[in-house]
1. Considering only residues of the range 510-550 that are hydrophobic (A, V, I, L, M, F, W, C), touching a residue at least 40 places away in the same chain (Cβ under 8 Å) and part of a loop (DSSP other than H, G, I, E, B), which is nearest to Gly623 (Cα to Cα)?
2. For the range 653-679, what are the residues that are in contact with a helix residue (DSSP H, G or I) (Cβ under 9 Å, 6 or more places away or on another chain) and under 15 Å from Thr601 (Cα atoms)?
3. Of the conditions (1) farther than 19 Å from Phe193 by Cα; (2) in a helix (DSSP H, G or I); (3) over 18 Å from the mean Cα position of the chain (by Cα), Glu372 fails just one. Which one is it?
4. Ala544: more than 30 Å from Thr568 (Cα to Cα), surrounded by fewer than 16 Cβ atoms within 10 Å (Cβ to Cβ) and either at pLDDT 90 or above or among the hydrophobic types (A, V, I, L, M, F, W, C) (or both), yes or no?
5. Under 6 Å between Cβ atoms, which residue pairs at least 6 apart in sequence (or on different chains) link something in the range 723-739 that is under 14 Å from Pro640 (Cα atoms) with a partner that is among the acidic types (Asp, Glu)?
6. Out of the residues in the range 561-596 meeting the condition of being over 24 Å from the mean Cα position of the chain (by Cα), in a helix (DSSP H, G or I) and among the hydrophobic types (A, V, I, L, M, F, W, C), tell me which one is nearest to Glu505 (Cα to Cα).
7. Could you grab me the full set of residues in the range 409-422 that are assigned to a loop (DSSP other than H, G, I, E, B) and crowded, with 16+ Cβ neighbours inside 10 Å?
8. Give the residues of the range 551-562 that are without any contact (Cβ under 8 Å) to a residue 40 or more places away in the chain and in contact with a Gly (Cβ under 9 Å, 6 or more places away or on another chain), sorted by residue number.
Amino acid sequence: MNISYRWLQSLIPGLEATPEEVADRLAQYGAPVDELVRIGAEIEEIVVARVEHVERHPNADRLSLCTVDAGTGEPLQVVCGAPNVQAGKFYPFAPVGAGLPGGIRIRKSKIRGVESQGMLCSERELGLGRGHEGIMELRGEFTPGERFVPALGLDDVRIVVDVTPNRGDLLSHVGIARELAPGGNAGITLPRFSETGVSVRLERSSESVSLRGVKVTLEDPRGCPRYLGAIVRGVRIAPSPAWLEARLRAVGLRPINNVVDATNYILYELGQPLHAFDLARLGGGELRIRKARAGEKIVTLDGVERVLSEDMTVIADAHTATAVAGVMGGEESEVTADTRDIFLECALFDPRSTRRTRTALGLSTDASYRYERGVDPEGMEAALRRALELIVAVAGGEVDDVVADIYPDPQPARVVAITPSRTTRVLGIPFDAAQIAGLLEPLGFALEGKSDDGLRFRVPGYRSYDVSREADLIEEVARRHGYEAFPAEPRPFRPSAVPDDPLAELEDRLRTLLVGEGFAEARLAAFVPESAGEVAPLNPLSSAESRLRGSLLPGLLRRVEANFAHGTRAVRLFEIGTVFAPGASPDAPPCEETRLAFVLTGAAEPPHWSAPSRAADIWDLKGVLAHLLASLSSDLKLEPGAVERTPLAAGRAFRVVAADGSVVGWGGEVDDKAIEAPVWADAVFAAEVVLRPEFARPEPRRFRALPAFPAIERDVALLVPDSLPAAQVEASIREAGGRLLEDVAIFDLFRGAGIPEGTRSIAYRLRFRSAERTLTDNDADKALARVLDRLQEELGVTRRG
């Protein structure tokens, strides 16, 4: 939202805060300022000049030679290519040495053999708009040589406010002034446009109103809950006065004509979009607010023909659509220089319908931006009266005394209660009823009543979209009290009686674990291309991402590719998120499942001078995964074997199997075809695990006393067939070792000379210990013998000689 500092000063008498201080205060109130733009900073050297004489360039048909009075005491000769320059009129002039936006410096030059001593400027050259069809003509009386910026009221600062979607009330100067004025609404003064004002009478109806010259009918109350319309006759379409043009330029708008500029002024002052129709171009003497017909077409004000659908609301005359409701008017009924009578629309269009229409047409305007966030239903009448007053002041004409007000279902204002005791509990510092009322009433919340346990406030129309419950009022109290005014030290609090979601606690534990392993968390959108998901949402973000993801790994692999593209070699990422699968039947909702996935590639550990770095391998992946599984359940096991429809290489993958035999995860090396990696990249490893609800219930911790007797270790190298998993060998060792076997660990793997083909040598370290006595070598040897016998009998594994 663009806000003019000078405009704010006119609404808040005595505003002494600088633009920087205004920005700070707005940020404290929850509306941060993105930028402060000093509008005339780049054109301070531009002056106002009067063209005394215009003649044709002697050596060019499309150029003219102008004699210019720039206040220097002697005429200047300027070559100009614009056809609209006329003698006796004023224009912005850049003398030799002056700067323009973009770092351009004007210098004396010869154009087609004729010397030019400066430049007459267009709006685009001055950075004041997109107009470049001619030199910017200045209306009014000026002194040649006076500074252009103050002469046109452009010595202003544009405050670019970042307005959140729920705060549509801040999309106007009055809305911002309400936050800044010492007394809130009471501290705002709207300047008058005339002494007498405009006197009109609203004729209310639930369906239609007949005005002199046009019948207004509301056929779509769902898309347009309320519609006001007035007629102004005898207007004179002309350029707007300088003060009005300066206001619009200050917020980044280009002046068009006095009537259109008046509607734009009210839009930025009060936040109410308005639209003016040429009354003579409304066919059949009718104006109907209805649903569009299937395939109906309209040429909007931007000159584009648009095809409408039946779910869109339009403003139509007796024959055809003349405007897309809440978005943009039509070319056929726009106000032109020949317009004499206008119909002024002030409507309340449904936010959801407006958003749907704007999205379908790919068209966003200042009006749609406000309608989507909610326009004040209680301020429409005041906005219409003010707009009529401004139009009569700048364009003349007379307003018909009857105004149509079609409002089928008037909604009562919402009343919300707030209690000081709960406010104190939530915010942590005491607030009494007087303090609460003092903070809320300046914002327009009217105190409706008091009781022993609280206050009841009537919510103003401009806040009816985001204030609906006590928590919203408490937030307003905190905001207006000032977040910076709350104490920074910890305060006493009462813990909640509602326990945290166990799955959320599990996710937090897993995040802590993975961050400790050197991983960074990724937060990716759930939308993926058609090839990566089976569930199609009703309203996808784009055709390129028209499905909901069925796995977390493809998204993480795309982020690895993005890191590769930036030259990053070592990548460790994880994500905890939801995946989707089709329901059990076509009518059933999709199935959702929470999963954890992680990827790693590059160095296994941070580089250090004490040892050479090495690339991560599949054992690093298994180590991280084993650590994770230990925090989930003791019943989860790793088994070799691939899982279908995963990006993992078939011979370098394994599965996570639960106690019931179901596969709840997978991991391994990523197939080269599944990722676009540069030649310098190391192998990429990935894993994905389903976070079942039962994993969120932590297993009870079991403690045992520290050993009182020493252990005996035995190392044994075994010849293990390549087809036999090492995990199966280890399980057999543990079972045969009996109660004396305390631990088993692999410490070596060897293939090569002396090892029979089809086998490998795996060395295990077995640790034996008794809780009652000190073991002898004979005890350890007997236990080892039992282990070796079991391995040979059941698995065909023999001891390496």
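1. Within the range 510-550, the match that is nearest to Gly623 (Cα to Cα) is Phe519.
2. Residues satisfying the conditions are Gly667, Gly668, Glu669, Val670, Ala674, Ile675, Glu676, Ala677, Pro678.
3. Unmet for Glu372, out of (1) farther than 19 Å from Phe193 by Cα; (2) in a helix (DSSP H, G or I); (3) over 18 Å from the mean Cα position of the chain (by Cα): (3).
4. no
5. none
6. Phe564
7. Quick first cut of the range 409-422, residues assigned to a loop (DSSP other than H, G, I, E, B) only: 409-414, 419.
Scanning the range 409-422 gives a single hit, Thr419.
8. Gly555
The values are calculated or read from the model by the stated rules, or taken from the named source; none is laboratory data. Fair warning: this is a prediction, and the values are worked out from it, not measured in the lab. Cβ sites come from the backbone with ideal geometry, for glycine too, and all protein chains shown count toward neighbours.
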